[in-house]
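Participant: The structure's right below; bear with me while I get my questions together.
The values are calculated or read from the model by the stated rules, or taken from the named source; none is laboratory data. All values derive from a computational prediction rather than experimental measurement. Cβ placement follows ideal geometry from the backbone for every residue including glycine, while neighbour counts extend to all protein chains displayed.
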C-alpha cells in the first residue's frame, strides 16, 4: 500500500512542478496572443490578462502591410533551409561517427572549430560574396547560410554515436547492402528524433533570423516576417497591437510543426518505453 | 546643297530623338525610410504625377538604418539614392562624406531659403548642406487647459508664455504647482524628456574636430535638470515608456515638449478624448527642436537629378509639401510655402487646431516658435555625445541624488569611452 | 580477399559523406571568414581605403580598450551561470517529462515555446515585464508589498546580469529539454527492461543508467552551450533594446554590465564609428579564447568520463 501511495504522491508532485514550470514558460507567449487583441495604446493602461476586442482591426492592419507575402517568403526560406541543412548534416554526421578513416579526427576537429566562430563575423564578407554571385536579389543567400551548419553536423554525430549500434550496420553490410543504402535505409531512420530536432532548430533559426535579412534583403517583396513587422511602426509610434498580432500569427506554424514532430518522439517512446 | 541638307537632317535626327528620350527616360529611384505610411503615400502620389519615374521603396527601421547603410557601402552595392538621417545618427551619417552638398551645383539651396535652424541642423562642420528637413520640429510646450486653469490661473497661451518666460520663472511657477497639487501634478515628465528639451537649445559649435567642450555646452543643462529633479518638479514618466503615454490622459503632468508631429502622435494618440482641452505655448527664452529627420542624396547615386526633383517636390517647395501637410501634418523647412499669399498653412485650419482649443497651430509654430529656434550643427562626434547624454540621463533617473557636477563627470567619462581619441573639456 | 576489397570500398565512403558539408562550407562560409580574418589586420570604415596596420588592432584591444576586457569578464560571468543551469534544468525537465503518461505532448510543446518566440517579441515582453513604472514585475511586487516603490531593474548592474541569466535560461530550457528527450527516446530499450526486471527504482535507473548513457549528449550540450554562451549577444541586446532600458540600450546597460564581447564586436563593426577591421580583430580574439576554453572543457569532461569507464 505504502509503495502505491508513494508512487501516487510522487506522480502528483511531478505534475505540480510541471504545471508551474509550464505556466511560467507559457506566460510570455500568452501575453503576445492577448496583446494582439488589443488596441495598441490600451495595452499599457492596465495589465492585460484577458483578451480585448480589437483583433480584427489588428489583423486587417497586418494583412494590409504585406503579411501574407512575408509569411510565404519566410516559409520558403525556412523549409528550404531545413531540407538543405538536414541533408548535409546527416551526411557528414554519419560519415564521422560510423567510420574510421585517416582524416576523421581532423575533420571532426574542423567542425567543432568552426562552430566557435561567431557568425556575425562573416556578415560583410558573405554579403560581398553574394553580390558577386549576383544572388542579392533573391532569397537564396538566406538559405545557403544554413547549408553548412556546424552545430547541426555536431548534433548528428552525437545522435549517430549514441543511437545507432555498430552491429546493425555490420549485419547490413554482411547482407550486401551498399554504404549509401545503409545510410538511408538503416542508420538515418534510427535517429528520426534527432533529425526532427535538427529540422526544428534550423527552421526556427531561419524563421526568427533578423540581422542577416536586414542586411541582405533590399526588396520589399522579399521581406521575411521579422522585417515586415517593422512596417507596423512609423517614426513616432509602434503599433504594438498589430505587431503582436503579426508575431502571434507567425508563431502558429511553429507550434503546429513542433506538435507534429513531437509525435515522432512519442512513437519512439512507445517502442521502447521505460517501465517501472 | 544636298549634302548640307542631309547633314542638317542627320543632325536633326540625332537631336530630336535625344530630346524626346530625355523627356521620357525611365528613372528608378531607391528610397529607404522607416515611416511606411508617408513613404508609400508620397511615392505613389509622385509616381502618378511623374510616370517616367519609378520609385523602389524599402522600409528600414531607424535603429537598423545606419548598419544597413554601412553594409551596403562596404559591399559596394544597393545604396539608396535618397537617404534619411534620424537625429540620433545624423552627425555620423553626414560625416561619412557620401552625401551631396546641396548648397552647391546643381542644387543651389541658399541659406535664406530655409529657416536658420533647419539650415544648421542640416549642415556639416564646414558649412556643407547635407540634408533638408523632412519636416521641421520647432517645439514648444503642450499643456492641458484644465490643469493650467487650476494651477496657473489661466489657459491662455500668451499669458502662460509670459509666466514662464525664462527658466528661473518656470522653476518658481513649478514649485507653486507642486505645492498646490500636493505633488500629484508635476511640471514635466521624467528626466530623459527634460534632457531632450534642454539639449536642443542654446546650441553652440562645441565640437571642433576631436576637441569636445562639454563643459560650456552642457553644464547648464545638467544644472537645470538636477535643480528641477531635486525640487520634485519632474515626474517619473521617461521618454518612450508606457508611463509617459498614459500620463497625457491621466493629467499627471503640466507641460510636454510638443513638435508639430507631437500633435498627432504625442497628444492626439494618447489622449483621444481630450479634444479642446489642450493648448500650445512657447518654451522659456527660445524654442527648441524635438526630433527631426534629414533627407539627403547619396553621392554615388546615378540619378541625382531625379532624386533632387523628388526631394524638391515633396520636401522643399513643391506640390508634395502641401500633400504631405494635408495627409500627415508635415511642415517643410523652406520659407517660401509659408510666405506665399494665402498660404495653405495658415488659411486652412490645421487638423489639430480644434483639439488645441481653436489655436492656429501652424501659425504659432512658424511665427512664434520657429523664429527663436536654433539648430545644432552636426559633426562626427555629435551622435556619440547624444548617446552619452541618453546614458547619463538614465543614470540620473535611477539616482536622483546625483549632483550636476557628478552628472558632468559621468558625461565626460561616457563621451571619452565612446570616443577614445577625443580631447574633452 | 573479399574483406580487403570491402574495406577498400569503404574507404572512399566516409569522404563522400563528409563532402557536402565541406563543400558547402568552403563555398558559403570560408570566404567570408577568411575575408574577416584578413580585414582584422587593416583599418577600414566600410567605404574608404583599407589601411594595413598589421597586428595593431589586436594590441589596442588588450592595451587601450578597457571595455573589451570588461566585455570578456561580463561574457564569462554570464556564461558561467547560464550554461550549467540551462543544461541541468533541461535534463531535469526531460527526466520529469519522459515517462509521464498524462499531458506529455502539452508540456513538451509549451515548454518549447520560449525558444519559438521571435526575438522581437521577446525584447518587447521583457521590456514590458521590467518597465520601471508600469512593468508587471514591479506592479506585482509592490502590490504584494515586497517593494515599497518600483525598482529600476535595468538601471542596476547586478540586477541586469541576473535578468539576462534568467532570460537565457527561460529561452533555452526548452531547447535542451527537447534534445535530451530526443536522445533519451533513441536510447536502446533493452537496458531499461533489464534494469527494471532487476527491480531498480526509477530514480536509480535514471542516475545509474540513463545519465551515463547520455554522456555523449551531455558533453555535446555542455560544449555547445559553452560556445554559445561565450558568443552571447541576442539576449542582452534584446533585453536592453526595448524602452525599459531608457538610455542604456546602446551602450550595453548600466555601467556596461551587459556588454558581451560579441555585442562589442557588433558595436565596433556597425555602430556609429564603424571600424570593421577592429571589429574583426575582436571576433577572432574571441574565437581563440573560445577554442582555449573549449579544449579545457573538453579535457575535463573527457577525464571525468574516462574515469567512469
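Participant: Out of the residues in the range A:174-189 that are assigned to a loop (DSSP other than H, G, I, E, B) and within 11 Å of another protein chain (Cβ to nearest Cβ), which is farthest from residue A:88 (Cα to Cα)?
Facilitator: If we take residues in the range A:174-189 being assigned to a loop (DSSP other than H, G, I, E, B) and within 11 Å of another protein chain (Cβ to nearest Cβ), then A:176 is farthest from residue A:88 (Cα to Cα).
Participant: Mind checking which strands (runs of 3 or more DSSP E) fall wholly inside the range B:18-99 and carry at least 1 residues that are farther than 22 Å from residue C:273 by Cα and more than 14 Å from chain C (Cβ to nearest Cβ)?
Facilitator: Values: elements: B:27-33, B:53-59, B:82-86.
Correct list: B:27-33, B:53-59.
Participant: Would you confirm whether any residue within the range A:130-142 is within 9 Å of chain C (Cβ to nearest Cβ), within 20 Å of residue A:228 (Cα to Cα), part of a helix (DSSP H, G or I) and within 21 Å of the chain's Cα centre (by Cα)?
Facilitator: Looking through the range A:130-142, at least one residue is within 9 Å of chain C (Cβ to nearest Cβ), within 20 Å of residue A:228 (Cα to Cα), part of a helix (DSSP H, G or I) and within 21 Å of the chain's Cα centre (by Cα).
Participant: Moving to a separate point now. Check residue A:57 against each of (1) within 30 Å of residue B:37 (Cβ to Cβ); (2) not in a helix (DSSP H, G or I) and name the one condition it does not meet.
Facilitator: (2)
Participant: Please work out which residue is farthest from residue B:238 (Cα to Cα), limiting yourself to the range C:116-147 and to residues that are over 26 Å from the mean Cα position of the chain (by Cα) and crowded, with 24+ Cβ neighbours inside 10 Å.
Facilitator: The selected residue is C:135.
Participant: Further question: Across the range C:219-238, which residue is nearest to the other protein chains (Cβ to nearest Cβ) among those that are under 18 Å from residue B:64 (Cα atoms) and modelled with pLDDT of 85 or more?
Facilitator: As a first pass, look at the range C:219-238 and keep what is under 18 Å from residue B:64 (Cα atoms): C:233-238.
If we keep only those that are modelled with pLDDT of 85 or more as well, we get C:233-237.
On the way: C:233: 7, C:234: 9, C:235: 13, C:236: 14, C:237: 10 Å.
Checked the range C:219-238; the qualifying residue nearest to the other protein chains (Cβ to nearest Cβ) is C:233.
Participant: Somewhere in the range B:230-240, is a residue surrounded by fewer than 16 Cβ atoms within 10 Å (Cβ to Cβ) and either under 26 Å from residue B:357 (Cβ atoms) or in contact (Cβ under 8 Å) with a residue 60 or more places away in the chain (or both)?
Facilitator: Yes.
Participant: Take the range B:288-303 and flag every residue that is outside any strand (DSSP E or B) and within 20 Å of the chain's Cα centre (by Cα).
Facilitator: Taking the range B:288-303 and keeping what is outside any strand (DSSP E or B), we get B:290-292, B:299-303.
The answer is B:290, B:291, B:292.
Participant: Restrict the check to the range A:165-173 and report whether at least one residue is facing chain C (nearest Cβ under 9 Å), over 21 Å from residue C:215 (Cα atoms) and modelled with pLDDT of 85 or more. Write out each step before concluding.
Facilitator: If we filter the range A:165-173 for residues that are facing chain C (nearest Cβ under 9 Å), which is where we start, we get A:165, A:173.
With the extra rule that they be over 21 Å from residue C:215 (Cα atoms), the set shrinks to A:173.
After this cut, where a residue has to be modelled with pLDDT of 85 or more as well, the list is none.
Among the residues of the range A:165-173, not one is facing chain C (nearest Cβ under 9 Å), over 21 Å from residue C:215 (Cα atoms) and modelled with pLDDT of 85 or more, which makes the answer no.
Participant: Under the condition of being within 29 Å of the chain's Cα centre (by Cα) and within 14 Å of chain B (Cβ to nearest Cβ), which residue from the range A:32-47 is farthest from residue A:245 (Cα to Cα)?
Facilitator: Among those that are within 29 Å of the chain's Cα centre (by Cα) and within 14 Å of chain B (Cβ to nearest Cβ), it is A:38.
Participant: Please determine, by comparing only the residues of the range C:173-218 that are out of contact with any helix residue (DSSP H, G or I) (no Cβ under 6 Å at 6 or more places or on another chain) and not in a helix (DSSP H, G or I), which one is farthest from the other protein chains (Cβ to nearest Cβ).
Facilitator: Taking the candidates together, the pick is C:198.
Participant: Against the condition facing chain C (nearest Cβ under 9 Å), modelled with pLDDT of 90 or more and part of a helix (DSSP H, G or I), how does residue B:389 come out, does it pass?
Facilitator: Yes.
Participant: Report whether or not residue A:161 is outside any loop (DSSP other than H, G, I, E, B) and farther than 30 Å from residue C:44 by Cβ.
Facilitator: yes
Participant: Separate question: What about residue B:240, is it closer than 23 Å to residue B:136 by Cα, within 20 Å of the chain's Cα centre (by Cα), in a helix (DSSP H, G or I) and within 14 Å of chain A (Cβ to nearest Cβ)?
Facilitator: Answer is no for this residue.
Participant: Which one of A:127, A:156, A:123, A:116 is under 27 Å from the mean Cα position of the chain (by Cα) and free of Cβ contacts under 8 Å to residues at least 60 places away in the same chain?
Facilitator: A:116
Participant: Would you confirm whether or not the range B:245-263 contains a residue that is surrounded by fewer than 21 Cβ atoms within 10 Å (Cβ to Cβ), within 14 Å of chain A (Cβ to nearest Cβ) and under 19 Å from the mean Cα position of the chain (by Cα)?
Facilitator: Scanning the range B:245-263, I find no residue that is surrounded by fewer than 21 Cβ atoms within 10 Å (Cβ to Cβ), within 14 Å of chain A (Cβ to nearest Cβ) and under 19 Å from the mean Cα position of the chain (by Cα), so the answer is no.
Participant: For the range C:239-253, how many residues meet the condition of being within 7 Å of another protein chain (Cβ to nearest Cβ), on the phi < 0 side of the Ramachandran plot and either touching a strand residue (DSSP E or B) at 6+ places or on another chain (Cβ under 9 Å) or in a helix (DSSP H, G or I) (or both)?
Facilitator: Of the residues in that region, 3 qualify.
Participant: Condition first: buried (at least 17 other Cβ atoms within 10 Å of the Cβ) and under 30 Å from residue C:202 (Cα atoms). Can you find one or more residues in the range C:62-81 that meet it?
Facilitator: Scanning the range C:62-81 turns up at least one residue that is buried (at least 17 other Cβ atoms within 10 Å of the Cβ) and under 30 Å from residue C:202 (Cα atoms).
Participant: For the range B:212-228, name all the residues that are more than 24 Å from the chain's Cα centre (by Cα) and closer than 18 Å to residue B:191 by Cα.
Facilitator: Correct list: B:223, B:226, B:227, B:228.
Participant: Further question: Those residues that are under 19 Å from residue A:66 (Cβ atoms) and either in contact (Cβ under 8 Å) with a residue 60 or more places away in the chain or not in a loop (DSSP other than H, G, I, E, B) (or both), I need them from the range A:207-216; list them, please.
Facilitator: Within the range A:207-216, A:207, A:209, A:213, A:214, A:216 meet the criteria.
Participant: For residue C:13, are the conditions met, namely being at the interface with another protein chain (Cβ under 10 Å from one of its Cβ atoms), under 27 Å from residue A:145 (Cα atoms) and touching a strand residue (DSSP E or B) at 6+ places or on another chain (Cβ under 8 Å)? Write out each step before concluding.
Facilitator: Numbers: at the interface with another protein chain (Cβ under 10 Å from one of its Cβ atoms): yes; under 27 Å from residue A:145 (Cα atoms): yes; touching a strand residue (DSSP E or B) at 6+ places or on another chain (Cβ under 8 Å): no.
Here the answer is no, as residue C:13 does not meet what is asked.
Participant: Here is a further query. For the range A:218-259, name all the residues that are at the interface with chain B (Cβ under 9 Å from one of its Cβ atoms) and either within 30 Å of residue C:104 (Cβ to Cβ) or in contact (Cβ under 8 Å) with a residue 40 or more places away in the chain (or both).
Facilitator: Of everything in the range A:218-259, those that are at the interface with chain B (Cβ under 9 Å from one of its Cβ atoms) and either within 30 Å of residue C:104 (Cβ to Cβ) or in contact (Cβ under 8 Å) with a residue 40 or more places away in the chain (or both) turn out to be A:218, A:219, A:220, A:223, A:227, A:228, A:231, A:232, A:237.
Participant: Filter the range C:9-49 for residues that are over 18 Å from residue C:283 (Cα atoms) and not in a helix (DSSP H, G or I) and give the result.
Facilitator: Once the filter is applied, which keeps residues that are over 18 Å from residue C:283 (Cα atoms) and not in a helix (DSSP H, G or I), the range C:9-49 yields C:47, C:48, C:49.
Participant: OK, next. Return the residue satisfying two criteria in turn: it lies in the range C:97-115 and is surrounded by 18 or more Cβ atoms within 10 Å (Cβ to Cβ) and free of Cβ contacts under 8 Å to residues at least 24 places away in the same chain, and of such residues it is farthest from the other protein chains (Cβ to nearest Cβ).
Facilitator: C:104
Participant: Additional query: List pairs: first in the range C:154-167 and within 14 Å of residue C:82 (Cα to Cα), second surrounded by fewer than 16 Cβ atoms within 10 Å (Cβ to Cβ), Cβ under 7 Å, 6+ apart or cross-chain?
Facilitator: Partner pairs satisfying both residue conditions: C:161/C:77.
Participant: Another one. Check residue B:317 against each of (1) touching a strand residue (DSSP E or B) at 6+ places or on another chain (Cβ under 8 Å); (2) buried (at least 24 other Cβ atoms within 10 Å of the Cβ) and name the one condition it does not meet.
Facilitator: Only one criterion in (1) touching a strand residue (DSSP E or B) at 6+ places or on another chain (Cβ under 8 Å); (2) buried (at least 24 other Cβ atoms within 10 Å of the Cβ) is unmet by residue B:317, namely (2).
Participant: Same structure again: Report whether or not residue C:241 is in contact (Cβ under 8 Å) with a residue 40 or more places away in the chain and crowded, with 23+ Cβ neighbours inside 10 Å.
Facilitator: When the stated conditions are applied, residue C:241 does not pass them.
Participant: Residues in the range C:249-273 that are touching a helix residue (DSSP H, G or I) at 6+ places or on another chain (Cβ under 6 Å) and under 20 Å from residue A:237 (Cα atoms): how many?
Facilitator: Count: 1.
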